[in-house]
Every structure is written in structure tokens, then in C-alpha cells.
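Read through the structure below, which is laid out as C-alpha cells, and then see the notes.
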Amino acid sequence: MKIAQGHLKKVVAMEEGGEYCIDVMLQLQAVDSALKKAGGLILENHLQTCVAKAIKQGKDKEVISEVMKVWTKSS
């Protein structure tokens, strides 16, 4: 998240400084990439902890539905 934050600060500075649009767009792609990576790590942790616990408690349908709802929104 801090990497994405750093890239985003750079985008703001570039925009305020009147940098070349393509360079700003490339920096925005770096923000997007960093956020996707962070999202993947958070999802992996959620699956290994919260989802595993919910399945053990017999709440598999609910937790799978919740994950799929978030997954379909992000794709």
C-alpha cells in the first residue's frame, strides 16, 4: 500500500508540475499495478485465515459468496 501511495504522490506532483501526459499515465499504471498486488496479498491472507476459519465453522456457502461478490466487482 505504501508503494502505491508513493506512486500516487508522484502522479499528483507530475500533474501539478505539468508533466507530459504519457509520463503521468505510465505512473498511473504503476499505481494500478501496486494496488492489484496489494489486493492479491490481502485476498490470499483472507483465504488462508478468515475463509479457512469460516469453512471449519460450517459457514462455507456464506464466506464463498462474500469472496465471489468482491471478486466479480474487481474484475
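The values are calculated or read from the model by the stated rules, or taken from the named source; none is laboratory data. Just so we're clear, the structure is a prediction, and the values are computed from it rather than from any experiment. A quick note on method: Cβ atoms are made from the backbone with ideal geometry, for glycine too, and the neighbour counts reach across all protein chains shown.
Observations, loosely collected:
- Those residues of segment 1-20 which are more than 25 Å from L43 (Cβ to Cβ) and surrounded by 13 or more Cβ atoms within 10 Å (Cβ to Cβ), in sequence order: K10, M14, E15, E19
- Looking across segment 1-46, the residues that are among the hydrophobic types (A, V, I, L, M, F, W, C) and more than 30 Å from I64 (Cα to Cα) come down to L8, V11, V12, A13, M14, C21, I22, V24, M25, L26, L28, A30.
- Among the residues listed as D60, D32, D23, the single one being loosely packed, with under 14 Cβ neighbours inside 10 Å and within 15 Å of the chain's Cα centre (by Cα): D32
- Selection from segment 1-25 of residues that are among the charged types (D, E, K, R) and either part of a helix (DSSP H, G or I) or modelled with pLDDT under 95 (or both): K2, K9, K10, E15, E16, D23
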